[in-house]
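Heads up, the thing below is written out as structure tokens.
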Amino acid sequence: MFIYIYKFLVSFVMPPGIFLVALLAVFIRMLRRRQAAARWLGIIILAFYLLSTPYVGDRLMSTLEDRFVPPAQPKGDVIVMLGGGATFGTPDIDGEGQLSGNAANRLLTAARLQKRLNLPVILSGGQVFEDSGREAVIGRRILEGIGIPAEQILIEDTSLNTVQNARNVRVLMEQHDFKHPILVTSAFHMERSVLNFRKEGIEVIPYPSDYFVSLGSGALYVNKLAPSADGLRSSYLALHEYLGILAAKIY
């Protein structure tokens, strides 16, 4: 019991909890002085607190992750994996550059599917920022390093976002006469990806991976209500996806 109490209290002396404490102190001072802006500050503090809790972050994430289920027997002619971040120049076993946690989880799923289905793999993802790695190139090296034949790996290494992923993969699929892609990306990112591929005239077979939330995880306990960077990140990712989904439906 002490461990859980300790974790809960520590969350308020580390970001973002410490900022909530500071804002709350300002809010109380404004209330005592009956300043009109206190009400708005209180609303901002409450919203910031809720979005930074793992409970709210998980609930937002699960609304996205629950939309697709990996098929037991996926039937396609190519596996398409979308990039999700990479580092540049970092040491690895057989070279330089590593994939981020999201991208590494996606790559693991794509590799296991390739072994199981013996299908070619298209890796899609470029160098998004000046100090990040070229995702598809790094992914190809890793796949070859774990035994995937080089002739089974195709790369598209210029995409900077999901819209470009779909557009550039379509061109590559047309060049190799692929018709039925099995799409691998993070579960929270799948809905936006499906919409963007559909806009390119491609109906994918969704194969979500890289889950953030345990299936059926609706438990509420005190540490789920403690503010944390992880909770805030989950809320940010989920809200970012909803904006992306809205954009894909409008444009």
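The values are calculated or read from the model by the stated rules, or taken from the named source; none is laboratory data. Just so it is clear, the structure is predicted and the values come from calculations on it, not from any experiment. Because the Cβ atoms are built from the backbone with ideal geometry, glycine has one as well, and the counts that use them run over all protein chains shown.
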Practice task
Take residue 106 and decide whether it is assigned to a helix (DSSP H, G or I) and surrounded by fewer than 20 Cβ atoms within 10 Å (Cβ to Cβ).
Solution key: no
Practice task
Say whether the condition of being among the charged types (D, E, K, R), on the phi > 0 side of the Ramachandran plot and surrounded by fewer than 12 Cβ atoms within 10 Å (Cβ to Cβ) is met by at least one residue in the stretch 34-53.
Solution key: yes
Problem - In the stretch 15-30, residue surrounded by the fewest Cβ atoms within 10 Å (Cβ to Cβ) [restricted to those that are free of Cβ contacts under 8 Å to residues at least 40 places away in the same chain and closer than 18 Å to residue 233 by Cα] - result: 18
Problem - Subset of the stretch 215-251 (residues that are hydroxyl-bearing (Ser, Thr, Tyr) and part of a helix (DSSP H, G or I)) - result: 234, 235, 236, 242
Exercise for the section: Could you tell me whether residue 178 is within 25 Å of residue 126 (Cβ to Cβ) and within 17 Å of the chain's Cα centre (by Cα)? Expected result: no
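Residue-wise test of (1) in contact (Cβ under 8 Å) with a residue 40 or more places away in the chain; (2) surrounded by 16 or more Cβ atoms within 10 Å (Cβ to Cβ); (3) farther than 21 Å from residue 77 by Cβ.
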position: 187; (1), (2), (3): yes, yes, yes
position: 190; (1), (2), (3): yes, yes, no
position: 207; (1), (2), (3): yes, yes, no
position: 229; (1), (2), (3): yes, no, yes
position: 239; (1), (2), (3): yes, no, yes
Handout entry: Residue, modelled with the highest pLDDT, within the stretch 6-48, restricted to residues that are of a type outside the set (S, T, N, Q), part of a loop (DSSP other than H, G, I, E, B) and over 23 Å from residue 231 (Cβ atoms)
Key = 37
Problem - Residues of the stretch 198-207 classified as touching a strand residue (DSSP E or B) at 6+ places or on another chain (Cβ under 7 Å) and outside any loop (DSSP other than H, G, I, E, B), total - result: 3
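Any residue that is of a type in the set (A, V, I, L, M), surrounded by fewer than 18 Cβ atoms within 10 Å (Cβ to Cβ) and in contact (Cβ under 8 Å) with a residue 12 or more places away in the chain - is there at least one of those in the stretch 145-157?
Keep residues of the stretch 145-157 that are of a type in the set (A, V, I, L, M), which gives 146, 148, 150, 153-155.
Subset that is surrounded by fewer than 18 Cβ atoms within 10 Å (Cβ to Cβ): 146, 150.
From what is left, the residues that are in contact (Cβ under 8 Å) with a residue 12 or more places away in the chain are 146.
Scanning the stretch 145-157 turns up at least one residue that is of a type in the set (A, V, I, L, M), surrounded by fewer than 18 Cβ atoms within 10 Å (Cβ to Cβ) and in contact (Cβ under 8 Å) with a residue 12 or more places away in the chain.
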Completion exercise
Exactly one of 203, 144, 241 is closer than 20 Å to residue 101 by Cα, touching a His at 6+ places or on another chain (Cβ under 9 Å) and at pLDDT 95 or above, and that one is 241
Practice task
Could you tell me whether residue 192 is part of a helix (DSSP H, G or I) and over 20 Å from the mean Cα position of the chain (by Cα)?
Solution key: no
Practice task
Find all pairs meeting these conditions: Cβ atoms under 6 angstrom apart; at least six residues apart or on different chains; first residue within the stretch 102-123 and farther than 15 Å from residue 78 by Cβ; second residue in a helix (DSSP H, G or I) and not charged (D, E, K, R).
Solution key: 107/139
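Got at least one residue in the stretch 116-138 being assigned to a helix (DSSP H, G or I), modelled with pLDDT of 95 or more, polar (S, T, N, Q) and surrounded by 19 or more Cβ atoms within 10 Å (Cβ to Cβ)? So that I can check it myself, show each step before the final result.
Of the residues in the stretch 116-138, the ones assigned to a helix (DSSP H, G or I) are 116-117, 135-138.
Right, trim to modelled with pLDDT of 95 or more and you get 116-117, 135-138.
Those still in the list that are polar (S, T, N, Q) too: none.
Within the stretch 116-138 (the criterion being assigned to a helix (DSSP H, G or I), modelled with pLDDT of 95 or more, polar (S, T, N, Q) and surrounded by 19 or more Cβ atoms within 10 Å (Cβ to Cβ)), the answer is no, since none of the residues qualifies.
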